[in-house]
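Worksheet: one structure, shown below.
The values are calculated or read from the model by the stated rules, or taken from the named source; none is laboratory data. All values derive from a computational prediction rather than experimental measurement. Counting neighbours? That spans all protein chains shown, and the Cβs are built from the backbone with ideal geometry, glycine included. Only protein heavy atoms, including side chains, enter the accessible area calculation; ligands, DNA and RNA are left aside. Shrake-Rupley method; radii C 1.70, N 1.55, O 1.52, S 1.80 Å.
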Amino acid sequence: MFRSLRRALCAAAAALLLILAGVGAQTVHADPAAPEDRAAAPGAGYWHTSGRQMLDAAGQPVRIAGINWFGFETANYTPHGLWARDYKSMIDQMKSLGYNTIRLPYSDDLFKSGTVPNSIDFSGGKNADLQGLGSLQIMDRIVAYAGQVGLKVVLDRHRPDAAGQSALWYTSAVPESTWIANLKALATRYKGNPTVVGIDLHNEPHDPACWGCGDTTRDWRLAAQRAGNAVLSVNPELLIFVEGVQTFNGVSGWWGGNLMGVAQYPVQLDVPNRVVYSAHDYATSVAQQSWFSDPSFPANMPGIWDKYWGYIFKQNIAPVWVGEFGTTLQSTIDQKWLAALVSYLRPTGTYGADSISWTFWSWNPNSGDTGGILKDDWTTVDTVKDGYLASVKAPGFPSGGGDPGDPGDPGGGTAACTAAYTVSSDWGGGFNAEVKVTNSGTVALKSWKTTWTWPGAQKVTSMWNASYTQSGSTVTAANADHNGALAVGGSASFGFGGALGGGGAPTVSCTAT
């Protein structure tokens, strides 16, 4: 809803003055759906559906726990932030934080011959292998590197052109035939590359779009069937992600967030077990909705989600993927909303992959009404916002073939890591701190462990994105399930709350395997 606001390219500014221990501190548990004796990690190959679950090529359940990285759909014609950083470093950071999938929005402008990507920094060797490439070639590089480090990609047809969101899947300038032709072109382009697991057919259909009304000019369900079958005709292995509409039978909600019509009018494709339904859900920083002012809020929210899209999962009809949800987190209402939604998505430690999938909006800090996981410098992580998501993050996937331009490690490398300790806030009786672990060796890491000794009587009171033990003044913190694997040069961060004053930062040792 109000897509022009959410896509504003103003910098998201306000710093969040929240006490981490009361908001983001959550324990990450092992995924019971992925026992250690399993021959292969879940996620390999193309995926399909079975009831409410997505399964990999070996029939193992998988869960998307990812992030939106926008920009291809704007007049930059490339993901944002490349004016500040190298694209590989950002993908490495996404992986290090425990996100396993990238939703990559694009517009049909990428297929026009005159489209030229811009605002990419090539200084100091950054983005060196993107120089001279067109937008689709840059997409190729991003997909290749994501697959190399073990991330999946969902391509999202976000807009017909860079000018803005459209209510319907077509406009006078971009007819349905162009939409379908470009979807087929992408499906063909990545055929045989299971890093791209599927395509989100169109972002946020809204009024006058309908579901099941039978009017072929407005019925999004029928259009999704036409486009989905066209995609599967050239690449039958892909998942087809279908968003909702705004209004069904007079009941309105978020743009793309109303899937009430699925019960009566399911999407039926020529290839079975390929449909994943996608909802979008937002907080008050995007727009006000009646449920936010209900006296029972936030206890009323599970019932709201059940009505609009959650019933599809609960009734075992099909998998559900919340393709977008986000907030600036500046209001108490928004904080309660996000905590309730994360709980509704089913924490990984309890339910494993038998959960609702998701991609958070957004990685980018320059989403005007939500901000991002990154702060305005395009490097620093908003650990409060990221901390809310800790309990629903999920294991990553096996690395793919990778970037043909990257020869990889020739073997015989060294596993090593470094750790940097920073006190982020100190109020005398307590403090918050963050430790950043970086792979400083020459091979990818499977796990890491850090140790430090305080000179005083400080105690850890809570920790997120790592597990810990404390003996006297010595603390040992080890990676969580989702952030142990680090590519060469990649980083992961964990945070904690402590009692007494933080004092000076101790020296932290790091051990890697």
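In terms of Cα to Cα distance under 25 Å, which lysines are near enough to Lys446, apart from those fewer than 8 places away along the same chain? Of all the lysines, those that pass the test against Lys446 - Cα under 25 Å, at least 8 places apart if same chain - are Lys88, Lys95, Lys152, Lys393, Lys436.
The order of Phe397, Phe111 by accessible area, most exposed first and with a 1.4 Å probe, is Phe111, Phe397. Residues Lys126, Lys336 ordered from highest to lowest accessible area at a 1.4 Å probe: Lys336, Lys126.
Solvent-accessible surface (1.4 Å probe) assigned to Thr171 amounts to roughly 40 Å². Extension gain for Ala75 to Thr442 (0.36 nm times residue separation, less C-alpha to C-alpha distance): 128.4 nm. Here the gap between Asp426 and Ala163, fully extended at 0.36 nm per residue and compared with their Cα-Cα distance, gives a gain of 90.2 nm.
When peptides 449-457, 80-88, 44-52, 152-160 are sorted by average Cβ neighbour count within 10 Å, with the highest value leading, the order is 152-160, 80-88, 44-52, 449-457. Near Val174: Cβ cut-off under 13 Å, other residues only, Lys/Arg at +1 and Asp/Glu at -1. The net charge is -2. With all protein chains in place and a 1.4 Å probe, the accessible surface of the chain carries 53 percent carbon and sulfur.
Could you give the dipole magnitude of the range 44-93 about its Cα centre, charging the beta-carbon of Lys and Arg +1 and that of Asp and Glu -1, in debye to the nearest 20? Walk me through the intermediate numbers first.
Details: 4 positive and 4 negative charges, 27 e Å.
Here the size comes out at about 140 debye.
If R0 is taken as 45 Å, the Cβ-Cβ distance between Gln288 and Ser123 corresponds to a FRET efficiency of 0.55.
Under 13 Å between alpha carbons, and skipping anything fewer than 8 positions from Lys385 in its own chain: which aspartates and glutamates qualify? Reachable aspartates and glutamates: Asp334. Cross-link reach is defined here as a Cα-Cα straight distance under 19 Å, omitting same-chain residues fewer than 8 places apart; for Lys112 the aspartates and glutamates meeting it are Glu73, Asp140, Asp156, Asp161, Glu176.
Could you do me a favour and compute the accessible area per residue for the range 41-96, 1.4 Å probe, result in Å²?
On the way: 1260 Å² over 56 residues.
Solvent-accessible surface per residue comes out at 22 Å².
Here the range 413-462 and the range 189-262 have alpha carbon centers that stand 44 Å from each other.
Name the residue farthest towards the positive end of the dipole of the chain from the options Ser440, Trp363, Gly134, assuming +1 on Cβ of Lys and Arg, -1 on Cβ of Asp and Glu, about the Cα centre. In the chain, that residue is Ser440.
Return the percentage of antiparallel bridges among DSSP beta bridges fully within the chain, rounded to the nearest 5 %.
60
Summary value for the chain: 21 percent relative contact order, contacts being C-alpha pairs under 8 angstrom separated by 6+ residues.
Count charges around Leu238 for me, please; just the other residues with Cβ under 15 Å from its Cβ, Lys/Arg as +1, Asp/Glu as -1. Show your work: numbers first, answer last.
Working: positive: Arg103, Lys152, Arg157, Lys184, Arg189, Lys191, Arg274; negative: Asp56, Asp156, Asp200, Glu237, Asp270.
Residues close to Leu238 contribute a combined charge of +2.
Excluding ligands, DNA and RNA, the accessible surface per residue across the range 270-398 is 29 Å² with a 1.4 Å probe. Computed 3J(HN,Hα) for the range 359-367, one whole-Hz value per residue from the Karplus formula 6.51 cos²θ - 1.76 cosθ + 1.60 where θ = phi - 60°, is 9, 6, 9, 8, 5, 5, x, 9, 8, glycine and proline marked x.
Positive contributions from Lys and Arg (+1) and negative ones from Asp and Glu (-1), summed over other residues with Cβ under 14 Å from the Cβ of Val508, come out at +1.
Kindly work out what percent of the DSSP beta bridges joining two residues of the range 207-357 are antiparallel, to the nearest 5. Don't jump to the answer; show the numbers that get you there.
Working: 3 of 15 bridges.
Within the range 207-357, antiparallel bridges account for around 20 percent of the total.
Placing unit charges on the Cβ atoms of the charged side chains and taking the dipole of the chain about its Cα centre, the candidate lying farthest along the positive direction among Leu55, Asn193, Gly125 is Leu55. Calculated [222 nm] ellipticity per residue, helices only, for the chain: -5000 deg cm²/dmol; basis is -39500 (n - 2.57) per DSSP H run with n ≥ 4, divided by all residues, nearest 500. Placing +1 on each Lys and Arg Cβ and -1 on each Asp and Glu Cβ, with no other charges, gives the chain a dipole about its Cα centre of roughly 340 debye. Each Cα pair under 8 Å and six or more residues apart adds its sequence gap; the mean of these over the residue count of the range 157-260 is a relative contact order of 28 percent.
Summed over the residues of the range 434-513 and divided among them, the accessible surface reaches 39 Å² per residue at a probe radius of 1.4 Å.
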